[in-house]
1. Given a 1.4 Å probe and every protein chain left where it sits, what share in percent of the accessible area of the stretch 38-85 is carbon and sulfur?
2. Computed on alpha carbon atoms, what radius of gyration and Dmax characterise the stretch 144-273, expressed in Å?
3. Once Rh is set to the Kirkwood radius over Cα pairs, what Stokes-Einstein translational diffusion coefficient, in µm²/s, holds for the stretch 42-129 at a temperature of 25 °C and a viscosity of 0.890 mPa s?
4. I need the per residue convex hull volume for the stretch 106-219, using only the alpha carbons, in cubic angstrom as a whole number.
5. For the stretch 197-250 and the stretch 260-335, what is the separation of their C-alpha centers, rounded to whole Å?
6. Could you tell me which residue out of V232, V267, P321 lies farthest along the dipole of the stretch 226-337 toward its positive end? Charges go on the beta carbon: Lys and Arg +1, Asp and Glu -1, centred on the Cα centre.
7. Quick one: ranking K314, K107, K186 by accessible area, 1.4 Å probe, largest first, what do you get?
8. Determine ³J(HN,Hα), in whole Hz, for all residues of the stretch 42-55 in sequence, where each value follows from phi through the Karplus function 6.51 cos²θ - 1.76 cosθ + 1.60 and θ = phi - 60°; x replaces Gly and Pro.
Amino acid sequence: MEINRRAFLGLLTAAGAVAAMPALANQSRAIPGVYASASRGEDGRYYLNVVAQDALRVTHLLPERAHQVLFHPKQPWVIAVARRPGTFIDIVDYDSGLLVKQIVLAKGHYLYGHVQVTADGRYLLTTEKHPDQQEGQVVVRDLRANFDVVQRYSTGGIGPHELKLTADQSEVVIANGGILTEGREKLNLETMQPSLAYLNLASGKIVEQVALDERYHQSSIRHFDLSANGDVLIAMQYQGHPADDVPLVAHHRRGQPLTALDIPTPVRTQLKQYCGSACFDSTGRFGAVSAPRGNRVMFWDMTSGQYLSDVKTKDGCGLAPTDVASEFIVSTGRGRFYRVNAATAERQRLSLPGEAIWQWDNHMVRLAG
């Protein structure tokens, strides 16, 4: 299947080059690579889309709203996970556009919106809620054995959300949001305890778990990115008073405390206590965090923790790196794509025919290759 992947990328590159030939000035405005995101269409229904160069290559109708999407590392598959408290995972072949598998959870179980696949392509990991337990679970499914559940691990906290596998695949990092929910209702905001946990997959044990100071216990740890060297960039959503001065972005490295990253006061006060996606650039040096309610994307030099810049982007939330150092693609709920540069704070709108009809959802992913 790896040959299919290369062929797919080659065809898209060639198509983009041909489309650009009559007007070379527009070439830089094409989307640089292959990306996927969930979306809402103008018909009010929800979709999984694969976007390449200047066109939609896959449009797959979903049963309900999705949250994260992910490319499979070995097969030509793209995976969409239901938004909490949804119960479906759609796996779609992006060569043919056909549904490979729809996983539907058992009654009483639900998803927290995020997924990972092991580097060998065999195991699919999700954060889930079991009806008999308050603590969340990492659920492991074997894609070679009819997608069946083969293991469940406690995440060590309530309301897990995003998860990431470490580079050596030995551990999974989990953002425990700390919020006990019933449907979309939040039940424990006064007692919530968010944390970042490291789960060893061989033992099933939590080997490290960190949190901010207790006074910030309402800063829910929701989304993060993990660099190749193990740095974690965290985006939080504060559940307390709108005027409180609290951390919204943090950094972690194994064996060290969880530390808040600086956001200039004039910027922080515009964020409405809500950060969306977190993303490292292709080098791991630059970090980006989106704040869709504040209409901004912020950037840091992660080697020093220094705040670099921000760009205004209405309802921008989805983030993915390009191959260029310090550069990111941003998708928005208003149907736009932008190329932004952390080092220069430059923003360039990218072309996509018919883009105004798509409301891009919270997350975006880039196909490597």
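1. Numbers: 680 of 1740 Å².
Within the stretch 38-85, the accessible surface is 39 percent carbon and sulfur.
2. 15.6, 53
3. Numbers: Rh = 13.4 Å.
Result for D is 183 µm²/s.
4. Values: hull volume 11.6 nm³, N = 114.
That works out to 102 Å³ per residue.
5. Going from one Cα centre to the other spans 17 Å.
6. Working it through, the farthest residue towards the positive pole turns out to be V267.
7. On the way: K314 130, K107 200, K186 90 Å².
From most accessible down to least: K107, K314, K186.
8. Result, rounded to whole Hz: 5, 7, x, 9, 10, 9, 10, 10, 10, 10, 9, 6, 10, 8.
The values are calculated or read from the model by the stated rules, or taken from the named source; none is laboratory data. What you see is a predicted model, and the numbers here were worked out from it, not measured in a lab. As a convention, Cβ positions derive from the backbone with ideal geometry for all residues, glycine included, and neighbour counts pool all protein chains shown. To get the accessible areas, we keep the full protein, side chains included, count just its heavy atoms, and leave off ligands, DNA and RNA. Shrake-Rupley method; radii C 1.70, N 1.55, O 1.52, S 1.80 Å.
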